[in-house]
Amino acid sequence: MPASGPEVLGPTPREPDQAFWDPEAQTRPREERRLRRDEALRRMLRRIWETPVPHFRRKLEAAGVASPDDVKGVDDLAGLPRTVKQELRDSEAAEPPFGDYRFTDVRRCVRIGQSTGTTGTPTVMMWTRHDLWVEYESAARNFWRSGWRPGMVATHAHPAYLYGGGAMLSGAYEYFGLVNLWVPPPDTDELAEQGIRAWLRMKPDIPFVGFSLGRFFEVSAKLGLDPREDVGLEIPAMPGGKGMPLVTAGLECYAYLGNSCGEPGAHLNEDWAIVEAVDPETGRPVPDGEWGDLTVTTLDRDNGLLRYALEEACSITREPCGCGETSVRGFWGGRFKDLLRSQGKHFQTAELEAALRAVEPVTKPSLEWAVVRPRDDAAELVVRVELAEGDPDEVAGRCRGEIRERLQLDARVEVLARDTLPRSGYKAQRVVEA
Ligand SMILES: [Zn+2]
């Protein structure tokens, strides 16, 4: 066993062919994990009173929680108040610069950053050494699950300085043992070229993936290079329907929440987070498989968040996974307010589309369809779909059946002649107003 301590920065090396980065945590029996989570949650509640953490203590007391002993474990969580990002902003504005929701003093931390502020005033994030370790260990599980191993060259183009994402990803790569090739974000053609030239010299083993991929394609072409052949860029395949794995709860909460083993959904790090899909109106978790508001409670961090509601859609499955990990798995469904709601359930247009796609006659020569935005839970769900050839009544029945089967929703399906619905050259308008 190599020495750990001041001379060694990073984790104990693993056997490259072992199945998991942290087999003990990742394959822990669920009952044992539940007991640990209950304890971790009780520790968090005690710290809210003892530190104290005024923001959370105030909210808990207002909700009738008089003492940390009132919360026995994870099962009590559904009755506790949630916090949204605007409250963090308000707290920082009222008590600048860090607000009153922190569990530690900033001088116990080793890194601070701030969010991009694209959706309002940026919030300040801070991490102690231990908080960074939780993120790095979580990232290491992800990287290992993806088949990456120490010694590979990985590259990224995250922004730096005040924005925390670049430092976080660089730190996680280096902790894991990847070679961290950090190129500038391609804000200008010159900066993009710096990155491209670096990749030509030091070929990454893991191709660049990021929001700015299109920019690097563009500038590669300007330089007379083939983005795929010469530069090694690849466009990753995106799963359709409900397939997006839930990978993050944001830098301010939990950057490396989990990722996919190849099976649907993302394995979630339940030892460090309680992830709930919550009905925004009642604050209670929705049944497994349904969409709710992604709500995360971090565990065993120096700086934590209690029932942080991200206003993004997620759904949870507890079905055991064939890979051997015992965690629940999560799906991500975009912004919560983009979901439709009918008959007490939230759903995505992509789920409706997948149901219609299962009915072959409506897919020829192309699937053209629309859903009328339901006014309220009681309103009939109306789906319109074009049909070129076939018996409209029979096809409508099959569409209804698929929607019932996959989304547990009753729909009225109107079968229309081809070329009835409006066409768009860019993005098809699937939701129409009544
Ligand atoms: Zn799995």
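The values are calculated or read from the model by the stated rules, or taken from the named source; none is laboratory data. On a predicted model such as this, the values are computed, not experimentally measured, just so you know. Positions of Cβ are generated from backbone atoms using ideal geometry, with glycine treated the same way; all protein chains shown enter the neighbour counts.
Put simply, of 268, 299 the only residue that is within 21 Å of residue 76 (Cβ to Cβ), buried (at least 20 other Cβ atoms within 10 Å of the Cβ) and within 16 Å of the ligand (Cβ to nearest atom) is 268. The selection criterion, being of a type in the set (Ser, Thr, Tyr) and touching a residue at least 60 places away in the same chain (Cβ under 8 Å), does not hold for residue 363.
If I ask for residues that are of a type outside the set (Gly, Ala, Ser) and part of a strand (DSSP E or B), which ones from region 149-185 would you list? Result: 153, 155, 156, 163, 179, 180, 181, 182. Among the candidates 329, 318, 335, 375, the residue that is in contact (Cβ under 8 Å) with a residue 24 or more places away in the chain, crowded, with 20+ Cβ neighbours inside 10 Å and either within 16 Å of the ligand (Cβ to nearest atom) or not acidic (Asp, Glu) (or both) is uniquely 329.
Scanning region 88-118 for residues that are assigned to a loop (DSSP other than H, G, I, E, B) and either without any contact (Cβ under 8 Å) to a residue 24 or more places away in the chain or surrounded by 15 or more Cβ atoms within 10 Å (Cβ to Cβ) (or both) yields a count of 15. Restricting attention to region 57-87, the residues that are farther than 30 Å from residue 325 by Cα, assigned to a helix (DSSP H, G or I) and within 24 Å of the chain's Cα centre (by Cα) add up to 3.
Yes/no per residue for (1) in the same structural domain as residue 213 (by TED's automatic domain parsing); (2) in contact with a Gly (Cβ under 9 Å, 6 or more places away or on another chain):
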{"position": "94", "(1), (2)": "no, no"}
{"position": "101", "(1), (2)": "no, no"}
{"position": "108", "(1), (2)": "no, no"}
{"position": "151", "(1), (2)": "yes, yes"}
{"position": "195", "(1), (2)": "yes, no"}
